[in-house]
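Just below is one structure, and these are the notes that go with it.
The values are calculated or read from the model by the stated rules, or taken from the named source; none is laboratory data. Everything numeric in this text was worked out from a predicted model, so none of it was measured. Note: ideal-geometry Cβ built from the backbone for every residue, glycine included; neighbour counts use all protein chains shown.
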Amino acid sequence: MKKIKILFIILIGIFTSCDKNQGPETVDLELQFVPKFNNTIFSYETDSLIQSNTQDTLIFTRSDFLLSNFKLIADDGSIIKFENTFAFVKGSSPDTIKLPLSIPSGNYVSLSFDLGLDSAVNHSDPSLWLPNHPLNPSFNNLHWGWTGGYVFAALEGYYQNMGVKTPWLYHIALDENQTNVNLPGSFDLTDFKTLEIKWNSEMTFSNLFSLRPGVDGDFTHSSNDNGLASKIAQNLGASFESGLLKDRDP
């Protein structure tokens, strides 16, 4: 009888241990945005940054983004969509964004999101959003009342123009400039993780298109600009990349 009791206790211990070692069925994922220039974190307002291919001297004072349409693609091809999940990323002091606790535990091969909003959301009533919602205009300062839409990316700074410190301002908006960002990788989401997303800010000016504020234009509100906003949007679409995937507590 004692041997049976001991065996029973051992079996309970084994099953309990296995249960404890099982990961959660669903997890969330934190996204930590890190602005970089030539792979180095820089200081807004102060650092003079040298654009490699043009040797332009640049300063960033603002880089604010509205993101939407987040998706994860699993290694079996299934797609996890996060409906009504939006993010406001303020480059000079980025917060961590959390995708909801609805991600099936597993391995994923891609994270994607849109820089900007679809037409329905872009032209919805902005007063409907709660005070701290990413789409509340008072919270993000990225809404143009006179166009009935949002600014998807607000990029501002200075450059040296013939030795003179000159402002540049690129406000990317309008439905046609909504841009998809796709980040391939190998993401083990069998537990709660934080994924670093690097924004390579130098690619604003050098990516699919090589742009110089003093030559191609140092100002756009996304219209009547000879295609400058469209080129910047396309550059931005390929300017993000995935970084470290770190363990964290739930």
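Some points to look at:
- So Glu156, is it over 16 Å from the mean Cα position of the chain (by Cα), closer than 14 Å to Leu117 by Cα and either of a type in the set (Asp, Glu) or not in a strand (DSSP E or B) (or both): no
- Thr147 being modelled with pLDDT of 95 or more and among the polar types (S, T, N, Q): no
- Candidate set: segment 126-136, residues that are surrounded by 16 or more Cβ atoms within 10 Å (Cβ to Cβ) and closer than 22 Å to Gln32 by Cα; chosen: the one farthest from the chain's Cα centre (by Cα): Asn136
- Meets criteria (within 27 Å of Thr54 (Cβ to Cβ), among the basic types (Lys, Arg) and touching a residue at least 40 places away in the same chain (Cβ under 8 Å)) for Lys193: no
- Residues that are under 13 Å from the mean Cα position of the chain (by Cα) and of a type in the set (Asp, Glu) were ranked within segment 86-125; the one that is nearest to Trp144 (Cα to Cα) is Asp114.
- Of the criteria (1) modelled with pLDDT under 95; (2) of a type outside the set (Lys, Arg); (3) not in a strand (DSSP E or B), which one Gly77 fails: (1)
- From Asn177, Asn182, residue being buried (at least 18 other Cβ atoms within 10 Å of the Cβ) and of a type in the set (S, T, N, Q): Asn177
- Selection of segment 105-125 for residues being surrounded by fewer than 12 Cβ atoms within 10 Å (Cβ to Cβ) and part of a helix (DSSP H, G or I) yields only Ala120.
- Residue list for segment 80-104, restricted to those being closer than 23 Å to Asn132 by Cβ and in a strand (DSSP E or B): Ala87, Phe88, Val89, Lys90, Thr96, Ile97, Lys98, Leu99, Pro100, Leu101, Ser102
- Residues of segment 137-171 that are under 18 Å from Pro94 (Cβ atoms), surrounded by 14 or more Cβ atoms within 10 Å (Cβ to Cβ) and of a type outside the set (Phe, Trp, Tyr): Asn140, Leu142, Val151, Ala153, Ala154, Leu155, Glu156, Gly157.
- Evaluation of Leu130 against (1) of a type in the set (A, V, I, L, M); (2) free of Cβ contacts under 8 Å to residues at least 60 places away in the same chain; (3) closer than 26 Å to Ser201 by Cβ (one fails), failing number: (3)
- Filtered residues of segment 38-74 (kept if out of contact with any strand residue (DSSP E or B) (no Cβ under 8 Å at 6 or more places or on another chain) and in a loop (DSSP other than H, G, I, E, B)): Ser43, Gln55
- Inter-residue pairs, beta-carbon under 6 Å, first under 13 Å from Val215 (Cβ atoms) and assigned to a strand (DSSP E or B) and in segment 159-173, second aliphatic (A, V, I, L, M) and modelled with pLDDT of 95 or more, 6+ apart: Tyr159/Leu58
- Asn122 vs. criteria out of contact with any Pro (no Cβ under 9 Å at 6 or more places or on another chain) and farther than 30 Å from Gly157 by Cα: no
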